[in-house]
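The values are calculated or read from the model by the stated rules, or taken from the named source; none is laboratory data. Nothing here was measured: the structure is a model prediction, and the numbers come from that model. We place every Cβ from the backbone using ideal geometry, glycine too, and count neighbours over all the protein chains shown. These accessible areas exclude ligands, DNA and RNA; they are computed on the full protein's heavy atoms, side chains included. Shrake-Rupley method; radii C 1.70, N 1.55, O 1.52, S 1.80 Å.
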Amino acid sequence: SKLLGIKGKRTVDDFHRALGHIMWEKVGMARNEAGLKWAIDNIRKLKEEFWHDVNVPGDVGNFNLELHKATRVADFLELGELMALDALER
């Protein structure tokens with residue numbers, strides 16, 4: 001219900017693409033300390049924006065594919081940050 005109540009302007013897919021871009025560019029095979037620090041900062045900003053500006057249409061009464069995707073993207077934001085932090089530590 002928290003995700004459905006946000007009523008933001010950005011789609012779940014928009015956040016998913018933004019996270020994918022950060023991960024691909026800065027947390028992939030070719031990475032460095034500066035890029036990882038940038039990625040961590042930007043993932044944290046994206047995560048905060050997600051919880052304030054995501055738009056999940058529909059309701060909880062029926063199967064809601066957008067709500068399902070939103071919960072996955074919320075998990076991906078946490079995982080992406082964790083992966084970048086782990087890479088930075090190594």
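Need one number for the chain: average projected area of the convex hull over its C-alpha atoms, nm².
5.6 nm²
What FRET efficiency comes out for the pair MET83/VAL60, r = Cβ-Cβ distance, R0 = 35 Å, nearest 0.05?
0.70
Per residue, what accessible area does the chain have, given a 1.4 Å probe and all protein chains present, in Å²?
Here the residues of the chain average 66 Å² of exposed surface.
Please check which bits of region 60-90 a label hung off ARG31 would reach, taking the label as a point 7 Å along Cα-to-C-beta and the cut-off as backbone N under 13 Å.
Answer for this model: 79-90.
Nearest 500 deg cm²/dmol is fine: what mean residue ellipticity at 222 nm does the chain get from its DSSP H runs of n ≥ 4 alone, each adding -39,500 (n - 2.57), divided by its residue count?
After summing the helix terms and dividing by the residues of the chain, the value is -24500 deg cm²/dmol.
Once phi is turned into θ = phi - 60°, what whole-Hz ³J(HN,Hα) does the Karplus curve with 6.51, -1.76 and 1.60 give for every residue of region 67-72, x standing for Gly and Pro?
5, 4, 5, 5, 5, 5
Express the carbon and sulfur contribution to the solvent-accessible surface of the chain as a percent, rounded to the nearest whole number, probe 1.4 angstrom.
In the chain, the share of accessible area belonging to carbon and sulfur is 55 percent.
Between the helical axis of 33-53 and the dominant principal axis of the chain, each derived from Cα atoms, what acute angle in degrees is found, rounded to the nearest 10?
Its long axis makes an angle of about 10 degrees.
Would you mind estimating how fast region 18-62 diffuses translationally, via Stokes-Einstein at 37 °C and 0.692 mPa s with the Kirkwood radius over Cα pairs, in µm²/s?
Diffusion coefficient, whole number: 272 µm²/s.
Which pairs, out of LYS7/LYS45; LYS7/LYS37; LYS2/LYS37; LYS9/LYS37, put more than 21 Å between their alpha-carbon atoms?
LYS7/LYS37; LYS2/LYS37; LYS9/LYS37, as the Cα separations exceed 21 Å there.
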